[in-house]
1. Scanning region 106-149 for residues that are touching a strand residue (DSSP E or B) at 6+ places or on another chain (Cβ under 7 Å) and hydroxyl-bearing (Ser, Thr, Tyr), which turns out surrounded by the fewest Cβ atoms within 10 Å (Cβ to Cβ)?
2. Do the conditions hold for Ala5, that is, is it touching a helix residue (DSSP H, G or I) at 6+ places or on another chain (Cβ under 6 Å), modelled with pLDDT under 95 and farther than 17 Å from Leu141 by Cβ?
3. Being touching a residue at least 24 places away in the same chain (Cβ under 8 Å), open to solvent by 70 Å² or more (accessible area, probe 1.4 Å) and either among the hydrophobic types (A, V, I, L, M, F, W, C) or out of contact with any helix residue (DSSP H, G or I) (no Cβ under 9 Å at 6 or more places or on another chain) (or both) narrows it down to one residue among Lys159, Lys83; which is it?
4. Val59: under 17 Å from the mean Cα position of the chain (by Cα) and modelled with pLDDT under 95, yes or no?
5. Scan region 26-59 residue by residue and report those that are touching a residue at least 12 places away in the same chain (Cβ under 8 Å) and part of a helix (DSSP H, G or I).
6. So Lys50 ticks every box in (1) open to solvent by 30 Å² or more (accessible area, probe 1.4 Å); (2) at pLDDT 95 or above but one. Which box is left unticked?
7. Here is a list: Gly86, Gly20, Gly30, Gly93. Which entry is more than 24 Å from Glu140 (Cβ to Cβ) and not polar (S, T, N, Q)?
8. Got a number for residues in region 11-35 being under 22 Å from Phe63 (Cβ atoms) and either open to solvent by 40 Å² or more (accessible area, probe 1.4 Å) or touching a Lys or Arg at 6+ places or on another chain (Cβ under 8 Å) (or both)?
Amino acid sequence: AVDMAAIQADFSPCRTWRYGLSLPFRERKGAMMTVFLKNPSSASEFSADKTVRTASEYVWRNFPESGGVHILNLFALRGTDSKEVGKALLAKGAAHVVGPQNDKVIKTTLAASSGVIIAWGGHAGIPASAYDQRVCSCLELLVESGLPVWRNARKGSEKYPFHACYWAYQDALIPLS
C-alpha cells in the first residue's frame, strides 16, 4: 500500500539520528496519521523493518481516510536494540540520544498529522528515570498539538503503550484520557 518512490526519511547528515519517516499510501490523498515509537532502527527511505511495516499496515487497514503514516520516535538515535540507546544515554547524555533536531521535527510532523497513535512500549534497555522524563516531554508535545491521540487497547498504558511491533491488525485503539 505504501508508495515506495515517495517515502521520505529525515536523517541527520551523518545518519546517526533519524528524526522522521513518512510513508505515503498509493492512491490515497488524505492527511497522514502519526505512529510515535521508541527509537529508530534500520528503517530508511530504502527499506522498512518489522515495526514500520506493522504500523503502516495497521494504519492502512484501520484508517481508510489516511493518506499515509508518519513515524516519530522518543529518541532519534538509531539503534537496532534499545539497549544501544540506553548505553549511549549513559555515556553521552540525554541530549545525544534524543537528537538535536528531534523535538523540532516532532512539532512540525504533528502539525501535518490528523492524529497520533503512541506505541513506544516500556523502557527496556533505557534507564527508567531518563525514559520517563522523555515520555513526559513527548506527552506534553502531544497535548500542545491538540491532535487526537490513541494507544492500543489490548495491552500497555498511557505511559508505556503497547509497542507497535507486537500489534495485531484487528487490535482496537482507545483514546488517551
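1. The extreme case among them is Ser114.
2. The answer is no for Ala5.
3. Result of the check over Lys159, Lys83: Lys83.
4. No: the conditions fail for Val59.
5. Lys50, Thr51, Val52, Thr54, Ala55, Ser56, Glu57, Tyr58, Val59
6. Tallying (1) open to solvent by 30 Å² or more (accessible area, probe 1.4 Å); (2) at pLDDT 95 or above, Lys50 fails exactly one: (2).
7. Gly30
8. Residues flagged as under 22 Å from Phe63 (Cβ atoms) and either open to solvent by 40 Å² or more (accessible area, probe 1.4 Å) or touching a Lys or Arg at 6+ places or on another chain (Cβ under 8 Å) (or both) within region 11-35 amount to 5.
The values are calculated or read from the model by the stated rules, or taken from the named source; none is laboratory data. All figures in this text were calculated on a predicted structure; none of them were measured in a lab. Methodologically, a virtual Cβ is constructed for each residue, glycine included, from the backbone with ideal geometry; neighbour enumeration extends over all protein chains shown. Surface areas here come from the heavy atoms of the whole protein model, side chains and all, with no ligands, DNA or RNA. Shrake-Rupley method; radii C 1.70, N 1.55, O 1.52, S 1.80 Å.
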